[in-house]
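Written below as structure tokens is the structure these notes are about.
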Amino acid sequence: MYSYDQFSNLVSAKESGFETIFRSTDIVGNLYETKDCSDRIYGAGSRLEKSCINLKEKRNKYQGGYGKLITKGRQFFYDEEGNLAKKIEPDGGTWTYLYFGNGMLREVTRPDKSCVSFQYDTFGRRIEKSV
């Protein structure tokens, strides 16, 4: 059984033998997993600051602070534009990402310190990848 909001967005699903799953949004579109929108705290710019859900059953773990997400032991850091800036693997290997002013990926530095750089044409299509 499924239920929808006034905009035809799915808000809950109930399968026989399973608990009801909620997908709620507040007035600005922030997502929640509880009907009363009490399981998460969002900050400025709709950045998730805290998740109060049972993380043992979830794949992602959100840490307080600006732009930091931990999932399956990996840490992800985002810049002020929302772009992935750094990824740290469980073994400590670090990936860094740099972007052009228009948000297109410019360079990736791998854990072995090798770099991959990208160039784009005026239509935003990648035309070059250099290792």
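Per-structure values
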| item | result |
| --- | --- |
| Some residue of the range 96-110 being among the basic types (Lys, Arg), in a strand (DSSP E or B) and at pLDDT below 95 | no |
| The range 19-37 - residue that is modelled with pLDDT of 75 or more and loosely packed, with under 13 Cβ neighbours inside 10 Å and, of those, nearest to TYR2 (Cα to Cα) | ASP36 |
| Residue in the range 41-62 that is within 24 Å of ALA85 (Cβ to Cβ), at pLDDT 75 or above, assigned to a strand (DSSP E or B) and not assigned by TED's automatic domain parsing to the domain that holds GLY82 present | yes |
| The range 86-120 - residue that is surrounded by fewer than 16 Cβ atoms within 10 Å (Cβ to Cβ) and of a type in the set (A, V, I, L, M) and, of those, farthest from the chain's Cα centre (by Cα) | VAL116 |
| GLN6, sole failed condition from (1) assigned to a loop (DSSP other than H, G, I, E, B); (2) surrounded by 14 or more Cβ atoms within 10 Å (Cβ to Cβ); (3) at pLDDT 75 or above | (2) |
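The values are calculated or read from the model by the stated rules, or taken from the named source; none is laboratory data. Owing to the predicted nature of the structure, the values given are computational and were not obtained by experimental measurement. Heads up, the Cβs are rebuilt from the backbone with ideal geometry, glycines too, and the neighbour counts pull from every protein chain shown.
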